[in-house]
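The values are calculated or read from the model by the stated rules, or taken from the named source; none is laboratory data. This is a predicted model, so every value here is computed, not measured. Neighbour counts are summed over all protein chains in view; Cβ atoms, including those assigned to glycine, are modelled from backbone coordinates with ideal geometry. Areas reflect the complete protein model, heavy atoms only, side chains present, ligands, DNA and RNA absent. Shrake-Rupley method; radii C 1.70, N 1.55, O 1.52, S 1.80 Å.
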Amino acid sequence: MTTTAARPARTRPDRQGGPPLLVPALAFAGLTVAGAVLGSSGPRPGTGAEATLAWTAAHGTLLSVGAALLLGSVFPLVVYAATAVRRLQRLGVTAPGPLMGFAGAVLAAGSLCVSALVGWVAAQTAGLGDAALARALVWLWFATGGIGFAAPFGLLLLGLGVPALIRRLVPRWLAWAALVIGGLAVLSTFALITEVLYPLIPVGRFGGVLVLVAFAVALPATRNAEPAR
């Protein structure tokens with residue numbers, strides 16, 4: 001009677017960790033930068049009512065495209081946050097920080113949704129010729145897409161940076177960058193009180209985008225990966 005050697009059991013790849021983190025990171029970064037470029041010439045809260053109305057009336061299509069890009073950036077942001085939280089859990093992080101970061105991402109995404117829809121409404125109502133309405137919509141667009149996004153977005157950065165620093169999951173400089181930029185983004189909350197803190201909004205927004213991309217590259221997928229020093 002012949003015996004056959006036992007065949008090693010096939011191990012299926014574990015697909016429970018979500019998509020590659022770099023995919024939603026790059027999608028979010030690309031849509032964010034594209035939307036910022038399109039809106040760079042647009043009115044700001046300090047722009048007069050008549051000038052605001054003139055710009056929105058002349059750039060309705062540009063404003064609508066920018067609104068679509070802004071709304072589109074919401075989805076990869078949420079996917080990124082959920083995937084990052086899952087990965088940190090697989091790496092042994094049980095502290096509530098990542099979950100608080102995910103809550104921040106959801107709040108930031110909701111604010112972006114409102115900002116995008118307000119931008120679209122501004123484009124559609126420019127033909128009414130109401131300068132006061134046009135200016136009010138720009139203020140709302142800035143509040144939701146600026147301060148309303150940056151402050152909770154900072155919570156996401158802090159939720160990633162704290163456990164990554166404590167457990168040495170990424171290079172220390174990257175973890176500290178997440179903490180510093182995240183803290184500045186949260187501090188932009190007080191831009192509702194003084195315009196002096198307005199510069200913290202782009203620091204949190206675009207600096208945070210760079211941090212998310214860097215984390216997507218540096219954060220290990222499994223515990224067996226070599227820890228960063």
Quiz item: Hey, among the residues in region 180-204 that are in a helix (DSSP H, G or I) and not hydrophobic (A, V, I, L, M, F, W, C), which one's nearest to the chain's Cα centre (by Cα)?
Solution: 204
Self-check item: Criterion (open to solvent by 40 Å² or more (accessible area, probe 1.4 Å) and part of a helix (DSSP H, G or I)) met by exactly one of 156, 133
Solution: 133
Quiz item: Only one of these conditions is not met by residue 216: (1) open to solvent by less than 20 Å² (accessible area, probe 1.4 Å); (2) without any contact (Cβ under 8 Å) to a residue 60 or more places away in the chain. Which number is it?
Solution: (2)
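Does region 195-203 contain any residue that is loosely packed, with under 11 Cβ neighbours inside 10 Å, over 20 Å from residue 101 (Cβ atoms) and either among the β-branched types (Val, Ile, Thr) or at pLDDT below 95 (or both)?
So far as region 195-203 goes, yes, one or more of its residues are loosely packed, with under 11 Cβ neighbours inside 10 Å, over 20 Å from residue 101 (Cβ atoms) and either among the β-branched types (Val, Ile, Thr) or at pLDDT below 95 (or both).
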Quiz item: When you go through 138, 121, 106, 93 one by one, which is the residue that is in a loop (DSSP other than H, G, I, E, B), touching a residue at least 12 places away in the same chain (Cβ under 8 Å) and not aromatic (Phe, Trp, Tyr)?
Solution: 93
Quiz item: Are any of the residues in region 69-91 over 26 Å from residue 36 (Cβ atoms), open to solvent by less than 50 Å² (accessible area, probe 1.4 Å) and either within 17 Å of the chain's Cα centre (by Cα) or small (Gly, Ala, Ser) (or both)?
Solution: yes
Exercise. Taking only region 161-179 into account, find how many residues are in contact with a Gly (Cβ under 9 Å, 6 or more places away or on another chain), crowded, with 16+ Cβ neighbours inside 10 Å, among the hydrophobic types (A, V, I, L, M, F, W, C) and part of a helix (DSSP H, G or I).
Key: 6
Exercise. Output the qualifying pairs, or none if there are none: Cβ atoms under 7 angstrom, residues six or more apart or on different chains, first residue in region 43-60 and part of a loop (DSSP other than H, G, I, E, B), second residue open to solvent by 70 Å² or more (accessible area, probe 1.4 Å) and modelled with pLDDT under 90.
Key: none
